[in-house]
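In what follows, a single structure is set out as structure tokens and then discussed.
The values are calculated or read from the model by the stated rules, or taken from the named source; none is laboratory data. Just so it is clear, the structure is predicted and the values come from calculations on it, not from any experiment. All Cβ positions, glycine included, derive from the backbone under ideal geometry; neighbour counts span all protein chains shown. Quick note on the areas: whole protein, heavy atoms, side chains included, nothing else; ligands and nucleic acids left out. Shrake-Rupley method; radii C 1.70, N 1.55, O 1.52, S 1.80 Å.
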Amino acid sequence: MLSNNKNLIAVIGATGQQGGGVVRALQASSQFKVRALSRNPGKHRELAEEVVEADLNRPETLKAAFEGAHGVFLVTNYREAGADEIKQATAVVRAAKDAGVEHFIWSTLPDVEQISGGKFHVPHFTGKARIDRIVKEAGFPHHTFVIAPGYYQNFVGFLAPQKLAEGSVGWALPLDPDVRCLHMGDITELGKIVAGAFAHTDEAGNGEYLPLVGDFMSFNEIVDTLNRQGHKFSFKQVPKEVFATFFPGAAELAEMFGYWEAYTYLGSDSHDRIALANKIAGRQPTKFSTWVRANVPVQTP
Ligand SMILES: NC(=O)c1ccc[n+]([C@@H]2O[C@H](COP(=O)([O-])OP(=O)(O)OC[C@H]3O[C@@H](n4cnc5c(N)ncnc54)[C@H](OP(=O)(O)O)[C@@H]3O)[C@@H](O)[C@H]2O)c1
């Protein structure tokens, strides 16, 4: 197919972990032309065939960003200072509708308030779930929800093992380490599900929920997987109230761990959704042990 006959997909977050994987998967499938969106397009010219400015806090930038696009992938970043995810997503949905976008894919998370009957408050999950209705009601010819799992990459990021009070290295978290509750995955692989959904609108373009899940583990299983490869990590369960005082933002994380323990990360039996996501991606996602071998080197003293 000639390059100019390919459907154009505009990717928000193209310079980040989720959107970066989406850009690479779309490029690898060679069915699509990619427009990478960034607040600083000049710094990322090599990212895709087109690199265009888009700022979710400046809706006036979105008209040109979506012009001529067949599809849009949206991820919002709750960690960005001052980000109002619902306001940002509303602006994106409106601009995509105005531009005549045919297929909208939104990276969502479970509705913790609803699942837990209001027992747990995890705004960065529930805030995303509340955007689902805005996407659904916009009336795109096709729309899809993808669900990012707990990133394996967190284990070399904000969840990296720490020196514990008793001198060992590992995790002190408000979570029962025996409870299998964590749906996890290599976040760079979310893009394969997204590219598959853009390519298979019949099977995945009608409001389906497609979670990326490479493994489903308890924290003891996580620690065992690492230690079988030569690490010497430990886990200590700490009370939620104590953990909440450890650092700014710890209280919300404590709520999140409480929700995982009670309901699991995805909040429900997601077997069918995971199976469909893997089918749409055309592959099984990488297991945690394989990812660890490649990405978490054993420290020699
Ligand atoms: N860590 C986890 O385990 C986990 C699990 C599930 C979901 N999540 C969610 O993942 C989201 C973050 O995604 P990520 O990991 O891909 O983030 P990331 O790697 O930190 O990248 C953030 C991306 O967002 C873009 N961005 C931020 N503010 C923007 C704005 N105002 N306008 C346009 N683009 C903007 C940035 O683009 P430029 O800087 O180029 O403009 C960048 O590409 C968070 O909302 C978090 O809740 C995380």
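Which value in deg cm²/dmol, rounded to the nearest 500, describes the helix-derived mean residue ellipticity at 222 nm for the chain, given -39,500 (n - 2.57) per DSSP H run of n ≥ 4 and division by the residue count? List each step's numbers first, then the result.
Numbers: 12 runs with 112 residues, N = 301.
It lands at -10500 deg cm²/dmol.
In nm, to one decimal, how far is the N5 label point from the E49 one, both placed 7 Å along Cα→Cβ?
Result: 1.3 nm between the two label points.
Within 10 Å of each candidate Cβ there may be at most 16 other Cβ atoms; applying that plus a DSSP loop requirement, which trypsin sites (Lys or Arg not before Pro) in the range 189-234 survive?
Working: sites: K192, R228, K232; in loops: K232.
Here the sparse-neighbourhood loop sites are K232.
First obtain the Kirkwood hydrodynamic radius of the range 131-229 from its Cα pairs, then insert it into the Stokes-Einstein equation at 4 °C and 1.567 mPa s, and state the resulting D in µm² per second as a whole number. Display every interim value, and only then the final one.
On the way: Rh = 15.9 Å.
Estimated diffusion coefficient is 82 µm²/s.
Given just the C-alpha atoms of the range 1-158, how large is their convex hull per residue in cubic angstrom?
Numbers: hull volume 20.3 nm³, N = 158.
Dividing the Cα hull volume of the range 1-158 by its residue count gives 128 Å³.
Around N7, which amide H atoms from residues at least 5 apart in sequence, or from another chain, sit under 5 Å from its own amide H, with H modelled in the peptide plane?
K33
Residue-wise, which Karplus ³J(HN,Hα) couplings in Hz belong to the range 14-24, taking 6.51 cos²θ - 1.76 cosθ + 1.60, θ = phi - 60°, and x for glycine or proline?
Once θ is set to phi - 60°, the couplings for the range 14-24 become 4, 8, x, 5, 5, x, x, x, 5, 4, 5 Hz.
Can you tell me what percent of all Cα-Cα pairs in the range 1-56 are more than 20 Å apart?
Values: 250 of 1540 pairs.
Pairs farther apart than 20 Å: 16 percent.
In cubic angstrom, how much convex hull volume per residue do the alpha carbon atoms of the range 83-173 span? Write down the numbers at each step before the final one.
Details: hull volume 11.8 nm³, N = 91.
Per residue, the Cα convex hull of the range 83-173 comes to 129 Å³.
Using the Karplus curve 6.51 cos²θ - 1.76 cosθ + 1.60 with θ = phi - 60°, work out ³J(HN,Hα) for each residue of the range 285-294 in order, rounded to whole Hz, and write x for Gly and Pro.
Those phi angles translate into x, 5, 6, 4, 4, 5, 5, 4, 4, 8 Hz.
Can you tell me which of G196, G205, G118 moves the most in a GNM of the chain? Springs connect C-alpha atoms under 10 Å apart.
Ranking G196, G205, G118 by mean-square fluctuation puts G118 first.
So, in nm, how far is label S30 from label V298 when the simple model puts each one 7 Å beyond its Cα toward the Cβ?
Spacing of the two 7 Å Cα→Cβ label points: 4.1 nm.
Of T290, T76, which has the most accessible area with a 1.4 Å probe, and how do the rest follow in descending order?
The ranking, largest first, comes out as T290, T76.
Between T201 and E60, what FRET efficiency comes out of the Förster formula 1/(1 + (r/R0)^6) with R0 = 22 Å and r the beta carbon distance, rounded to 0.05? Show your work: numbers first, answer last.
Numbers: r = 30 Å, r/R0 = 1.35.
The formula returns an efficiency of 0.15 here.
Report the calculated FRET efficiency for T90 and A160 (r = Cβ-Cβ distance, R0 = 30 Å), to the nearest 0.05.
The computed FRET efficiency comes out at 0.30.
What is the magnitude of the charge dipole of the chain about its Cα centre, with +1 placed on the Cβ of each Lys and Arg, -1 on the Cβ of each Asp and Glu, and no other charges, expressed in debye to the nearest 20?
Values: 30 positive and 33 negative charges, 126 e Å.
Once rounded to the nearest 20, the dipole reads 600 debye.
Can you give the % of DSSP beta bridges in the chain that are antiparallel, to the nearest 5?
On the way: 5 of 38 bridges.
Percentage antiparallel, nearest 5: 15.
Percent of accessible area on the chain owned by carbon and sulfur, 1.4 Å probe?
50
Between L210 and residues 5 or more places away or on another chain, which pairs have amide H atoms under 5 Å apart, with H built 1.01 Å from N, and which residues are they?
F145, V146, I147
For the chain, just list the percent of Cα-Cα distances falling in each 10 Å bin from zero outward, please.
So the P(r) values, bin by bin, are 6, 27, 33, 23, 10, 1, 0.
Too long at a 24 Å Cα-Cα cut-off: which of K6/K128; K97/K119; K119/K163; K192/K287; K119/K192?
Violating the 24 Å Cα-Cα cut-off are K6/K128; K97/K119; K119/K163; K119/K192.
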